[in-house]
Structures are given as C-alpha cells and as structure tokens.
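*Asks:* My structure is below; once you've seen it, I'll send some questions.
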Amino acid sequence: MNNIIRKKFSEIDLQDAFFLSLRNDYPGFDNWFKGKSDQEAYVQYENNKIIGFLFLKVEKNLVNDVVPNIHANKILKVSTFKINAHGTKMGEQFIKIIMDYAVSEDVDVCYVTIYEKHHSLIELVQQFGFELYGTKGDGIYKENVYLKEMRKITGNINKDFPLVCISTAKKYLLSIYPKYHSVMFPDSILNTEDKNIITDISYTNSIHKVYVCTMDQVENLKYGDIVVLYRTAETGRSAEYSAVATSICVVEDVKKQSEFVSFDDFYRYVSKYSVFDEDDLRYWYNKGGCKAIKMTYNGALKKRIVRHDLIGQIGLERNQYWGFFELTDEEFNLIAKKGEVDKILVQTN
C-alpha cells in the first residue's frame, strides 16, 4: 500500500471508480465534492487507484441534523470515510489520522455516520471507542450515528485510544535501538534522522506495535501499563545528547518465547505489527529468551527529552541500567510535562 496523503479535492479524480458507491449512497455527492475544491482530504492509492478516502471537519457547539442533537464545544465530524477492504491494518491507519486530528484540535467528541450495510466499517470504529448514538436521515438514506467522547476512559485500551489513563497504571522506560525506532514510530522521528527511511508498511502506520527484545523484567509488564520509549544513542555520538525519550505507548500484552510452540507460531504473532523481518526474528528466536511486547502507540512527545535532561531535570538515576526500568508517577508526570504531551492524552479518571 502507498502512503496516505493530503490532497486538495480539486487534485483528486472524482471519476475514479472508488467514488461510485458514495455517489449512489449520497444524492448530490458530485456537487458536494466539487464545492470542496480548495479543501483537503486524506487519500490512499494503490496502483494509481484510490483505495481509501477521509474528510474531516471541525464543528462547534451544536450538530442539529442528527437525532438526538450533539451538544459540545468542539466537535470533529468524520464527514466522509470509506476504505476498500484491505484488512484491519489499513483501517487503523485512518483511525490514527482521525484521532491525531482530534487531539491536535482538542475536540470534545468525534462522530461519524454510517449505513447499517457497512458492517466492517462499523466494527472498526466501535473497536476504537465510537458508540451508537443516534440516527441521521430517513428511509433508504437513514444512517446510524457513532460518537466517541474524547475524554472518556473505559479501561479498554483500544476503545480509550489515544488516551492514556495514568491513575493506577505502572510506568516504565523502555529502550529501543535507533535502526528500529523511527521506522516503527514514524511520528517520533527526530530532526537528525533521515525521513526517507519511512516506508508505508503495516507496522509503520499502525496503532498497534510489537517489539521483540531479550531484556530482563519486561515480562512483568501488564495490560494497561504505560511505556515511555527511549531511543538509544546514535552510532558515534554521545548518549548524553543523542539518546532521547520520544513517545508514549500502552501495553496490551507480553508473551515469552516459551509461550510459542514453534518459530512459525512466534512469527505469526509478531510479524503483523513488528519492525523485524523474518531473518531478524529467526535470529532472536534461535538466540532464545525472547519477549514480544504488544502495545498501542498513543503519542509522540512534542519536545524530545535527551538523556542529559532526563537525568538533570527529571531526576532519573545515571548509573542504573537504561534498557528497562520503572518510573515513579512524579518522573512520568515530569516527562509528560517537559515533553509537552497534549493534555487531552493524559487522563486521570
């Protein structure tokens, strides 16, 4: 699959076969589309044909063309959202864009209208916290309205995404080598890194990530624990100013190598969302003692924090092992504050 790109409506081919179903479902679609000529949408292509389309719009105070009406200060309308069936990873890429946009605009709620016949799309949005709210339209043009409250914590990691509930979770720092870091967590790429290393593969753009390591104690991670990713030093550079905290993730599951019956079993679990290719995974598997950490990628620190400041300003211990260790609540809160994490992401309820 190719990258999802932002394009003006005027630059998108309305005659692409992709739009036929939208034209059939929504009377006046062509005129609506042409009226948006100077606005931008998110488009995904494969072999020069559109396979995904997303248009977002921020509204304020009231949405009165759905029943019941939606009342909130800032409302994100997922105005047009269609993807051709390419599996859950493609859908995740668009959900991540929706959530990133919602966070950047600091909206209170998001909503999308979907015809009942689109079962896979309904399942996708419900997986990430959109709940059946009401209806829009009548007769053959009746759609269901699905709404997500952006400050609601349910305890389900996927439904809560991208929110991070910090009240009872344990917090940890987890190191990751530079060669894996930026292809796995593209939003966290550093200014010193080559952005051309980013390619559009499933683990790059997905919400879910699987990281494989052999570090002691990571098997103690539990569902809901919070991980601050720490990209280790670049080759030939001092760790003091090139090793850096970059991102926040939430743990879904951890599996030890002994839980897999064979390499094939291990590979099936890890490869879907992992940065490692088959040769890498076989190497680690043969070495033994692997742990596979599955987590959601909730957000990048707007301001990366170098090791020097993690020690001098956050208070982390210089002489401890920096591969993996637990953070206190105070240390995590300071990292989130100094890292300028969007306030909407870090919730206490």
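*Asks:* Name the residue that is nearest to ASN61 (Cα to Cα), counting only residues in the range 72-106 that are among the basic types (Lys, Arg) and at pLDDT 95 or above.
*Replies:* Applying the filter and picking the extreme gives LYS74.
*Asks:* Show the residue pairs meeting these rules: Cβ distance below 9 Å; 6+ apart or different chains; first residue within the range 106-132 and closer than 17 Å to THR80 by Cβ and touching a residue at least 60 places away in the same chain (Cβ under 8 Å); second residue of a type in the set (D, E, K, R) and outside any helix (DSSP H, G or I).
*Replies:* TYR115/LYS142; TYR115/GLU143
*Asks:* Out of the range 231-246, which residues are surrounded by 14 or more Cβ atoms within 10 Å (Cβ to Cβ), part of a helix (DSSP H, G or I) and among the hydroxyl-bearing types (Ser, Thr, Tyr)?
*Replies:* Matches in the range 231-246: SER242 only.
*Asks:* Let me ask something else about it. Just give me the residues in the range 21-45 being closer than 23 Å to LYS96 by Cβ and crowded, with 19+ Cβ neighbours inside 10 Å, in sequence order.
*Replies:* ALA41, TYR42, VAL43, GLN44
*Asks:* Inspect the range 101-111 for any residue being buried (at least 22 other Cβ atoms within 10 Å of the Cβ), assigned by TED's automatic domain parsing to the domain that holds ASN73 and touching a Cys at 6+ places or on another chain (Cβ under 7 Å) and give the result as yes or no.
*Replies:* Scanning the range 101-111, I find at least one residue that is buried (at least 22 other Cβ atoms within 10 Å of the Cβ), assigned by TED's automatic domain parsing to the domain that holds ASN73 and touching a Cys at 6+ places or on another chain (Cβ under 7 Å), so the answer is yes.
*Asks:* Just for the range 255-270: of the residues that are touching a residue at least 12 places away in the same chain (Cβ under 8 Å) and part of a helix (DSSP H, G or I), which one is surrounded by the most Cβ atoms within 10 Å (Cβ to Cβ)?
*Replies:* Ranking the candidates gives VAL270 first.
*Asks:* Cβ-Cβ below 7 Å, separation at least six or inter-chain, first residue in the range 207-234 and at positive phi, second part of a strand (DSSP E or B) and modelled with pLDDT of 95 or more: which pairs?
*Replies:* The qualifying pairs are GLN217/PHE324; GLY224/VAL250; GLY224/VAL251.
One line per residue, one yes/no per condition, for (1) in contact with a His (Cβ under 6 Å, 6 or more places away or on another chain); (2) within 30 Å of GLU149 (Cα to Cα); (3) of a type in the set (A, V, I, L, M, F, W, C):
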site: ARG237; (1), (2), (3): no, no, no
site: SER242; (1), (2), (3): no, no, no
site: ILE248; (1), (2), (3): no, yes, yes
site: GLU259; (1), (2), (3): no, no, no
site: LEU281; (1), (2), (3): no, no, yes
site: ASN286; (1), (2), (3): no, no, no
site: GLU317; (1), (2), (3): no, no, no
site: PHE332; (1), (2), (3): no, yes, yes
site: THR348; (1), (2), (3): no, yes, no
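*Asks:* Follow-up question, since we're still on this one. Are there any pairs with C-beta distances below 8 angstrom linking a residue in the range 167-178 that is among the charged types (D, E, K, R) to a residue that is part of a strand (DSSP E or B), with the two at least 6 apart or on different chains, and if so which?
*Replies:* Listed by first residue and then by second, the contacts come to LYS170/ILE226; LYS170/GLU326; LYS171/ILE226; LYS171/VAL227; LYS171/VAL228; LYS171/GLU326; LYS171/LEU327.
*Asks:* While we're on this one: For ALA300, indicate whether it is in contact with a Lys or Arg (Cβ under 8 Å, 6 or more places away or on another chain), assigned to a strand (DSSP E or B) and at negative phi.
*Replies:* no
*Asks:* Additional query: Looking at the range 329-349, which of the residues that are closer than 22 Å to LYS159 by Cβ and surrounded by 13 or more Cβ atoms within 10 Å (Cβ to Cβ) is nearest to the chain's Cα centre (by Cα)?
*Replies:* Here the answer is LEU345.
*Asks:* Related question: Tell me whether the range 55-71 contains one or more residues that are at pLDDT 95 or above, closer than 25 Å to ILE5 by Cβ and among the basic types (Lys, Arg).
*Replies:* Checked the range 55-71: at least one residue is at pLDDT 95 or above, closer than 25 Å to ILE5 by Cβ and among the basic types (Lys, Arg).
*Asks:* Now, a different point. I need every pair where a residue in the range 308-335 that is in contact (Cβ under 8 Å) with a residue 12 or more places away in the chain and in the same structural domain as VAL228 (by TED's automatic domain parsing) has its Cβ under 6 Å from the Cβ of a residue that is aliphatic (A, V, I, L, M) and surrounded by fewer than 18 Cβ atoms within 10 Å (Cβ to Cβ), sequence separation at least 6 or different chains.
*Replies:* Listed pairs, sorted by first residue: GLY323/MET215; PHE324/MET215.
*Asks:* Go through the range 46-69 and give me each residue that's among the β-branched types (Val, Ile, Thr) and either more than 25 Å from ILE207 (Cβ to Cβ) or surrounded by 21 or more Cβ atoms within 10 Å (Cβ to Cβ) (or both).
*Replies:* VAL63, VAL66, VAL67
*Asks:* Continuing with this model, one more query. Could you give every pair whose Cβ atoms fall below 9 Å, whose first residue belongs to the range 18-31 and is in the same structural domain as ASN48 (by TED's automatic domain parsing) and closer than 16 Å to ILE50 by Cβ, and whose second residue is surrounded by 11 or more Cβ atoms within 10 Å (Cβ to Cβ) and basic (Lys, Arg), counting only separations of at least 6 or pairs across chains?
*Replies:* PHE18/LYS49; PHE18/LYS82; PHE19/LYS82; SER21/LYS82; LEU22/LYS82; PHE29/ARG23; ASP30/ARG23
The values are calculated or read from the model by the stated rules, or taken from the named source; none is laboratory data. The structure presented is a predicted model; accordingly, all values stated were derived computationally and were not measured. Virtual Cβ from ideal backbone geometry, glycine too; neighbours counted across all protein chains shown.
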